[in-house]
Amino acid sequence: MKSAAAAKPITQAQKDEVLAIVARHKDRPGPLLEILHDVQRAFGYVHAEAVPLIAGALNLSRAEVHGVVTFYHFFNSAPPGRRVLRLCRAEACQSMNGRALEQHAMKKLGVGFGETTADGGVTLEAVYCLGLCACSPAAMIDEEVHGRVTTERLDELLAAGGARK
Amino acid sequence: MTVTIWVPRDAGALALGAEATAQKLVAAAKSAGTEIRLRRNGSRGLYWLEPLVEVECAEGRIAYGPVSAKDVPELVAQGLLRGGAHALRLGPIEQHPWFKSQQRLTFARVGQIDPLELNDYLALGGFRGLRRALELGGPATVNEVLESGLRGRGGAAFPTGIKWQTVLKQPAGQRYIACNADEGDSGTFSDRMLMEGDPFSVIEGMIIAGIAVGATRGYIYLRVEYPHAFRTMTAAIAAARKAGFLGDKVCGSKNAFDIELRLGAGAYICGEETSMLESLEGRRGEIRVRPPLPAEKGLFGAPTVVNNVVTLATVPVVLAGGAAAYRDFGQAKSRGTLPLQLAGNVLRGGLIERAFGLTLRELLYDYGGGSASGRPIRAVQVGGPLGAYLPESQFDTPLEYEALSAIGAMLGHGGVVAFDDTVDMLAMARYAMEFCAIESCGKCTPCRIGSVRGAEALGNIARGINTEANFSLVEELCDTMLQASLCGLGGMAPFPVLSAMKHFREDFTKRANGS
């Protein structure tokens, strides 16, 4: 379960939006990932009820679309928190105390990887390399990148409530 | 008089506060009554000096670094806007020993130009390679790349010219160029730096590849973990199209070529070329069994050149300067230059492009300055999460394909990650198996099951349970994965595991004694 809040049923307006997204990409070759990205950009996740809509419009089976959604770590099947904290777990970050930072983040937020805090504020996600390996350990909050992240720095970033630098 | 100041917009520089530094510089210059022109560049690759600020003066671009936002008021007060003296003043970055000793061919422009300013690109030799390819035509262009000795920089090191030749020889019809920008290996960031710092070089390389093999369409498969590179590449493709480098008539010629940028979705396996093609086609990133090779039957079933970002960005260098000039760099079967990425626990990490042949020790100590923690460097992983761990006794190995292969290691995409003596190599071996389990596409059993069982057995060793039996089990599992996996993920995940077990045996046995 990715979120404390269960997904609400999809509304007609949301269904229309999903279908509009599909219509936009339908005639491009191999459009499914592009569609899923746009759906996730619009809603924050890929709603279970969006799956049959997409499948029907692309003439694919529900299983095929579900299979793609669940294959890729980036696609959420449930609403994420207001902010997504991605901590790099890869080797370069481990060499600079990344594991201690992971432990600190989990303790501080009270969640594991792939989980969202009870107040819906933050989703903690594992990421395997952000390409910031010369300034490890690295983290990304939404699309904002941070290098040489100490436990103190992480606390500051979380306390800042997403305020832009 | 307006003073021009450069502050990188590279993600690595931003991660160290470059945006705040840039904003503070604008504010401080305003209060000082000096008009400035803030320009944004890629990173020069000296990450321990980021944010690296450069001020254009009579004597050239004077660098200061690392400049955090809080340093700015004092720096401006002391004359940064005139290139004045300060403890953080580095002088012209081209004269800095860390930079000066490099041989930058592929990365020649990165950090020097505004990545989205087409005139900057053209002024420094941009699109010269493309013009030569248009003169030469397809077969002669393929031959030029073949003669240069360029091998795939993504990791597999397959000769680029041979791959292109295979595509060229296919029956007439639709062909594709697929640029692999799914740079997932830990410790690597050269693709990211190129896309953020010199995106037109990637575009130019793809157009040349298209002309060479007769493809009119290219795809870039970019990882979603690189939002900054995505924005820069998107803007660069639009600019190249507007200027007539992409479209129905490339540079007014009869050749058509256009590029579509596609985003991955956080799957490491999609860096494997056939998995990437599946993903581009909108499916699960499960690998394809070869043959047929992508060069024969690739994207949407058509002959496809699949090359890494660095490889493609090097193609214009080869064409512009000629195959012989490029081949003159390097040694043995490793020709040209390699952009090495030095990362992890090092004092001075970053991008070092040099001709093949630098030893690991020179890289770690001459460039890296030893560990960041000040403790001895105990282990180094070369070539990403599927690369071997090397002990100090192997640090004199030259960083070239065959020399590393001879010691059971691989150069891969050129990432080097250093660990100090606090590293637990059993934990790293276990992580390698866990990572393989998380990222396995699930298509073949050795990888899907072997990685899970491998992680379990290593976990048992860590707990001191049946150490010897589990040790043998891990060796057997590794053997099966090496021999029977369908692709490099399962087929190479044993490298870090077996090398850790061989060179750092003490980390695996101490638990058995109850210590």
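Please treat every number below as a calculation from the coordinates, not as lab data. These numbers were taken from a predicted model, which means no experiment stands behind them. Cβ sites come from the backbone with ideal geometry, for glycine too, and all protein chains shown count toward neighbours.
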Counting other chain Cβ atoms within 10 Å of each Cβ in B:413-422 and taking the mean gives 3
Percent antiparallel among DSSP beta bridges confined to the protein assembly as shown, rounded to 5, stands at 55 percent
The Cα extents of region B:387-515 along the principal axes, largest first and rounded to whole Å, are 40, 37, 20
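Evaluate peptide B:370-378: per residue, the Cβ atoms of other protein chains within 10 Å of its Cβ; return the mean as an integer.
1
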Here the percent of antiparallel bridges among DSSP beta bridges lying wholly in region A:83-159, to the nearest 5, is 55 percent
Contact order relative to length for region B:330-420, counting C-alpha pairs under 8 Å separated by 6 or more residues, stands in percent at 34 percent
Over its alpha-carbon atoms, the protein assembly as shown yields an Rg and a Dmax in Å of 24.6, 75
Filtering trypsin sites (Lys or Arg not before Pro) in region B:239-281 by DSSP loop and by at most 10 other Cβ atoms within 10 Å leaves B:LYS254
Violations at 23 Å Cα threshold for listed pairs B:LYS169/B:LYS297; B:LYS297/B:LYS443; B:LYS163/B:LYS333; B:LYS100/B:LYS163; B:LYS30/B:LYS70 -> B:LYS100/B:LYS163
At the level of C-alpha centres, the distance separating region B:284-348 and region A:28-76, in angstrom, is 32 Å
In debye to the nearest 20, the charge dipole size for chain A, taken about the Cα centre with +1 at each Lys and Arg Cβ and -1 at each Asp and Glu Cβ, equals 100 debye
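From the C-alpha coordinates alone, can you work out the Kirkwood hydrodynamic radius of region A:24-165, in Å?
16.4 Å
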Quick note on B:MET492, A:MET106, ordering by fewest other C-beta atoms within 10 Å, gives A:MET106, B:MET492
Length-normalised contact order of chain B, Cα under 8 Å, at least 6 apart, in percent, tallies to 13 percent
Taking a crude spin-label model, label points 7 Å out from Cα along the C-beta direction, the B:SER253 to B:ARG131 distance in nm is 1.3 nm
On the formula 1/(1 + (r/R0)^6), with r taken between the Cβ atoms of A:GLU156 and A:ARG99 and R0 of 25 Å, the FRET efficiency rounded to 0.05 is 0.75
Rounded to the nearest 5, the percent of antiparallel DSSP beta bridges in region B:330-420 equals 80 percent
The base-10 log of I(q)/I(0) that the Debye equation returns for region B:460-500 at q = 0.22, 0.23, 0.26, 0.32 Å⁻¹, one scatterer per C-alpha, is -0.69, -0.73, -0.84, -1.01
Rounded to one decimal in nm, the spacing of the 7 Å Cα→Cβ label points at B:ASP479 and A:GLN12 is 6.7 nm
The lysines whose Cα lies under 27 Å from the Cα of B:LYS510, excluding any fewer than 8 residues away in the same chain, are B:LYS502
The Cα extents of region B:443-515 along the principal axes, largest first and rounded to whole Å, are 39, 21, 13
Inter-chain shielding metric for B:225-238, i.e. average beta-carbon neighbours from other chains within 10 angstrom, reads 2
The computed P(r) of region B:53-137 puts the percent of Cα pairs beyond 18 Å at 57 percent
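Among B:PHE300, B:PHE356, rank each residue by its count of other Cβ atoms within 10 Å, from fewest to most, as a rough exposure measure.
B:PHE300, B:PHE356
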In whole percents, the bins of 10 Å from zero upward hold the Cα-Cα pairs of region A:83-159 as 22, 60, 17, 1
Treating every alpha carbon of region B:3-96 as one equal point scatterer without solvent, the Debye formula yields log10 I(q)/I(0) values at q = 0.22 Å⁻¹ of -1.07
Protection proxy (average C-beta count within 10 Å per residue), highest first, orders B:95-105, A:44-54, B:180-190 as B:180-190, A:44-54, B:95-105
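Compute the Kirkwood hydrodynamic radius of region B:347-446, taking the inverse of the mean of 1/r over all pairs of distinct Cα atoms, and give it in Å to one decimal.
When all Cα pairs of region B:347-446 are included, the Kirkwood radius is 14.5 Å.
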Listed by chain and number, the lysines with an alpha carbon less than 21 angstrom from that of A:LYS15, same-chain partners under 8 positions apart left out, are A:LYS26
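Region A:117-162: D in µm²/s via Stokes-Einstein (Kirkwood Rh, Cα pairs, 20 °C, 1.002 mPa s)?
Estimated via Stokes-Einstein, D reaches 187 µm²/s.
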If R0 = 45 Å, then B:ALA406 and B:GLU260, at their Cβ-Cβ distance, give a FRET efficiency to the nearest 0.05 of 0.65
Bounding extents of region A:12-71 in its principal axis frame from Cα atoms, largest first in Å, are 24, 23, 17
Among trypsin sites (Lys or Arg not before Pro) in region B:284-357, those in a DSSP loop whose Cβ has at most 13 other Cβ atoms within 10 Å are B:LYS333
Hull surface over four for the Cα convex hull of region B:118-327, reported in nm², is 10.5 nm²
Treating every alpha carbon of region B:378-431 as one equal point scatterer without solvent, the Debye formula yields log10 I(q)/I(0) values at q = 0.16, 0.31 Å⁻¹ of -0.43, -1.36
Rounded to the nearest Å, the spacing of the alpha-carbon centers of region B:128-174 and region A:92-165 is 42 Å
Binned at 10 Å starting from 0, the alpha-carbon pair-distance distribution of chain B in whole percents comes out as 4, 19, 27, 26, 16, 7, 2, 0
